[in-house]
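**Student:** Below is the structure I would like to discuss, written out as structure tokens.
The values are calculated or read from the model by the stated rules, or taken from the named source; none is laboratory data. No experiment lies behind these values; they were computed from the predicted model shown. Note that each Cβ is placed from the backbone with ideal geometry, even for glycine, and that neighbours are counted across all protein chains shown. Ligands, DNA and RNA are stripped out before the accessible areas are found, and what is left, the full protein with its side chains, is counted by its heavy atoms. Shrake-Rupley method; radii C 1.70, N 1.55, O 1.52, S 1.80 Å.
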Amino acid sequence: TSTRDIMGELILKSDYKGCNPVPPSSEVNHNAAASSLVQHLQSLVTCPVCLGTIRAVPVLCCPSGHVTCSDCRAQLSSCPVCRAAYPRLELVSHIAAGIIDQIPHPCKFKSYGCAQSLLLPTLPPHEARCSYRLLKCPNILCSRSISLAGLYRHMIANGCASMHQLKVTASVSSVFMTGRVKDLEEFQYKVPLVFSYEGYMFLITKKKTGNFVQFSASILGSVEQGRQFTVTIVVFSEKMPSNMVEYKGFANSIDGPAWCVLSIHKDHMIEIMDNVEENEFQQSLKYHYKVKISRNM
């Protein structure tokens, strides 16, 4: 028996799991055809003005059947494809409406890196939690909206947050911070603190809302991810350590409702802070706080 025969026999009878079976050519062709069909159907319901996939019905069209989304249509008097004037009575495409419900639609954050395409009923829940969704920078002095995937890099590169390392012991991971303000209103403009813990990024923000100074912890992620962690924030006086306020709760989502917040009345906050003489003409208020974090079991 030749070597070729032996090798052929071994391969035919082998149960070697490292080899991925080659799909039949008919299966490959079917998958390619299905993908091509979906792309073609998506192109039929793509607005030629904004290039977005139309999601809502009714789908307005011109006498020749060219469709546009409702937002762009409101700004047009003629078809952007064939230049035919739109009639006074609006025309709708029932075929396009039928296509919309049957095809996957790309996530609206596709241009920021999301590769997901889903049917309409499952698209809004995904976009609400998409890792590429747009967020306003948490620094009050920055007006930019940034994709969540790039928010940390933006904050560090532009000085919109201050990076700190946790002190890790056998029982707890924590960071100690101190700062100064001229008055309570200045809390609005304090740079947020950001730190990393178990592969996630967390943000500590401080602000004055009405008669209260608020400290809150947020995860650069979803509400579900935030509930995996417990954060403790302790605000205290250095001169009188017993004068303190403590809060313990889940980490909020960076763009979700702030359910867990440490709120301190302005009068109490003044008592907790220490007066510091900057010079003979000016004093400032010094505050101290400690943040501890742990994963919920």
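**Student:** As a test question: what accessible area, to the nearest 10 Å², does M163 have when a 1.4 Å probe is rolled over all protein chains in place?
**Tutor:** Counting only protein heavy atoms, the figure is 70 Å².
**Student:** Loop-only GluC sites (Glu not before Pro) in the stretch 168-261, please: DSSP not H, G, I, E or B, and at most 14 other Cβ atoms within 10 Å.
**Tutor:** Counting only loop positions with at most 14 other Cβ atoms within 10 Å, the GluC sites (Glu not before Pro) in the stretch 168-261 are E198, E238.
**Student:** Here is a follow-up. Leaving ligands, DNA and RNA out of it, rank D183, D274 by accessible area with a 1.4 Å probe, largest first.
**Tutor:** D183, D274
**Student:** Can you give the accessible area of R180 in Å² (nearest 10), computed on protein heavy atoms with a 1.4 Å probe?
**Tutor:** 100 Å²
**Student:** Over all alpha-carbon pairs of the stretch 204-246, lay out the pair-distance distribution in 10 Å bins, whole %, shortest bin first.
**Tutor:** Here the calculated profile for the stretch 204-246 is 22, 41, 30, 7.
**Student:** Hey, in the GNM for the chain with a 10 angstrom Cα cutoff, which one of Y247, Y112, Y86 fluctuates hardest?
**Tutor:** Judging by the Gaussian network model, the answer is Y86.
**Student:** Find the centroid of the Cα atoms in the stretch 109-164 and in the stretch 201-264, then give the distance between the two in whole Å.
**Tutor:** Result: 21 Å between the Cα centres.
**Student:** For a test of the definition: using alpha carbon positions, the gyration tensor, and the 1.5 limit on a/c, classify the chain as rounded, prolate or oblate.
**Tutor:** Oblate, since a/c reaches 1.5 and b/c is not below a/b.
**Student:** May I ask you to give the solvent-accessible area per residue for the chain, in square angstrom, as obtained with a 1.4 angstrom probe?
**Tutor:** 61 Å²
**Student:** If you don't mind, there's one more thing I want to ask. Using label points projected 7 Å from each Cα along Cα→Cβ, tell me how many nm separate E127 and E271, to one decimal.
**Tutor:** Roughly 4.9 nm, to one decimal.
**Student:** Could you check the simple spin-label distance between W259 and L135, using points 7 Å along Cα→Cβ, in nm with one decimal?
**Tutor:** Label-label distance for W259 and L135, simple model: 1.7 nm.
**Student:** Let me ask you something else. I need the P(r) histogram for the stretch 186-297: all alpha carbon pairs, bin width 5 Å from 0 out to the longest distance, whole percents.
**Tutor:** Calculated P(r), rounded to whole percents: 2, 11, 21, 22, 18, 12, 8, 3, 2, 1, 0.
**Student:** Follow-up question, since we're still on this one. Using the basic label-point model (7 angstrom from Cα toward the beta carbon), what is the C82 to L120 distance in nanometres?
**Tutor:** Those two pseudo-labels are separated by 2.4 nm.
**Student:** Just subtract the alpha-carbon distance of Y189 and L91 from 0.36 nm times their residue separation and send over the number in nm, one decimal.
**Tutor:** In short, 30.0 nm is gained.
**Student:** Run the numbers for F212 and S143: contour at 0.36 nm per residue of separation, minus the present Cα-Cα distance, in nm.
**Tutor:** Additional length available on full extension: 22.4 nm.
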